[in-house]
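Taken together, the values in this text are just the output of simple stated rules run on the coordinates, not laboratory data. Remember, predicted model here, so these are calculated numbers, not experimental data. Cβ: placed from backbone, ideal geometry, glycine included. Neighbour counts: every protein chain shown.
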Amino acid sequence: MHTIRNAVLAGVAALVLPINGLGSGVAHFMFEFGHRLAELRHEDRPDRYGDFRVPGVNLRAEPGTASAVVGVGNPGDRLRLRREVAGEPVTCVDGTRSNTWWQVLDRRTRVTGYASSCFL
């Protein structure tokens, strides 16, 4: 990915830098362009997989217990863990509290929603 980014940045610089008066604008553009490519690389990382620890886990539209339930997951469903987010704190089965939620795809039901990390 770095090779692609460097090649694109070099090409843009070679085309734009000879034009007078665009130095700071080009520098800003190149910085923003490189930053966005780095973000895309981070977003493009492979998904992780997991499963539910307990039966009857609610999949919610947003990372909080007041959000609408869009599905229910059970052990054996297999999950694709898409992204980790901070949300409403939840008390786990072992008594600890966690505000970590995951956006998941239940591979059995094909429902996407948020589940507390306590149950994954």
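Taken over the stretch 78-102, residues that are of a type outside the set (Lys, Arg), surrounded by fewer than 18 Cβ atoms within 10 Å (Cβ to Cβ) and touching a residue at least 24 places away in the same chain (Cβ under 8 Å) amount to 7. Here the stretch 78-114 is the region considered, the condition is being within 12 Å of Gly64 (Cβ to Cβ) and among the aliphatic types (A, V, I, L, M), and the residue that is farthest from the chain's Cα centre (by Cα) is Val90.
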